[in-house]
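Asks: Got a structure for you, questions after.
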Ligand code: 6PG
């Protein structure tokens, strides 16, 4: 029996509650010693429910700044947009100032320029080349990608930028993603992984050969894992 570096949550609901409670606790703790809390949000379906649950909590929204760890190369009103997903699940339900919300200013026809602009926006906010987020939330795909660091793609080898465009052959489309050094600069880095579809990828990431091209999530050292039983049995 392989030994996982975490205790899996019995079910999805328990995991989602734990993530929501943990985010609230981290915000409260962090704001005891600084004025703002910065979070890099993950896209995908797994965190959506967490964002919906966060929207019901009484948090100091005026002190919280929302960024996106990755984004699709589509307009903000497109159904695939991570911004749209977060807006629908969270932002439309809380009294957050527009200046606290930092979406990727997608340029469908000029993704490299849009990515550079976002890297500059993060540098201006943090005052450092790499963004020192208080919390980086990450999902993992069934192909072991995280953020939009997909297997065998250019972004995996980029270390001199915090945020770049990344052409993903399997989608025949660009994505936007934080790079490994940007993710690693986060103070807290949490993986949220659920469902049997992630089982094989998780096993390879944890116990397979060390190969970032095949298993990009191996390149992340999370400070916490939130994994449900479905993803490990
Ligand atoms: C995205 C995400 C991506 C996601 C994984 C898991 O834009 O899709 O950032 O990295 O976290 O694909 O997605 P699910 O949570 O939908 O399984």
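Asks: When you scan segment 114-133, do you find a residue that is part of a loop (DSSP other than H, G, I, E, B), within 14 Å of the ligand (Cβ to nearest atom), at pLDDT 95 or above and touching a helix residue (DSSP H, G or I) at 6+ places or on another chain (Cβ under 8 Å), even just one?
Replies: The answer is no; no qualifying residue exists.
Asks: Checking residue 111 against (1) surrounded by 21 or more Cβ atoms within 10 Å (Cβ to Cβ); (2) over 23 Å from residue 227 (Cβ atoms); (3) under 18 Å from the mean Cα position of the chain (by Cα), which test does it fail?
Replies: Only one criterion is unmet by residue 111, namely (3).
Asks: Another question, then. For segment 61-82, how many residues are under 29 Å from residue 33 (Cα atoms) and within 15 Å of the chain's Cα centre (by Cα)?
Replies: Final tally of qualifying residues: 6.
Asks: Run down 96, 136, 106 and say which single residue is assigned to a loop (DSSP other than H, G, I, E, B), touching a helix residue (DSSP H, G or I) at 6+ places or on another chain (Cβ under 6 Å), closer than 28 Å to residue 172 by Cα and at pLDDT 95 or above.
Replies: Step by step, each of 96, 136, 106 is checked, and only 106 is assigned to a loop (DSSP other than H, G, I, E, B), touching a helix residue (DSSP H, G or I) at 6+ places or on another chain (Cβ under 6 Å), closer than 28 Å to residue 172 by Cα and at pLDDT 95 or above.
Asks: Quick one: which residue in 141, 186 is on the phi < 0 side of the Ramachandran plot, surrounded by 24 or more Cβ atoms within 10 Å (Cβ to Cβ) and within 15 Å of the ligand (Cβ to nearest atom)?
Replies: 186
Asks: Here's a follow-up. Kindly establish whether residue 197 is out of contact with any strand residue (DSSP E or B) (no Cβ under 7 Å at 6 or more places or on another chain), loosely packed, with under 15 Cβ neighbours inside 10 Å and assigned to a helix (DSSP H, G or I).
Replies: Against the criterion (out of contact with any strand residue (DSSP E or B) (no Cβ under 7 Å at 6 or more places or on another chain), loosely packed, with under 15 Cβ neighbours inside 10 Å and assigned to a helix (DSSP H, G or I)), residue 197 qualifies.
Asks: To continue, here is another question. Mind counting the residues in segment 77-94 that are more than 10 Å from the ligand (Cβ to nearest atom) and without any contact (Cβ under 8 Å) to a residue 24 or more places away in the chain?
Replies: Summing the residues that are more than 10 Å from the ligand (Cβ to nearest atom) and without any contact (Cβ under 8 Å) to a residue 24 or more places away in the chain in segment 77-94 gives 8.
Asks: Taking segment 75-89 only, how many residues are buried (at least 18 other Cβ atoms within 10 Å of the Cβ) and either closer than 21 Å to residue 145 by Cβ or touching a strand residue (DSSP E or B) at 6+ places or on another chain (Cβ under 8 Å) (or both)?
Replies: 6
Asks: Take the residues in segment 149-165 that are assigned to a loop (DSSP other than H, G, I, E, B) and within 16 Å of the chain's Cα centre (by Cα), then tell me which one is nearest to the ligand (Cβ to nearest atom).
Replies: 150
The values are calculated or read from the model by the stated rules, or taken from the named source; none is laboratory data. Nothing here was measured: the structure is a model prediction, and the numbers come from that model. Positions of Cβ are generated from backbone atoms using ideal geometry, with glycine treated the same way; all protein chains shown enter the neighbour counts.
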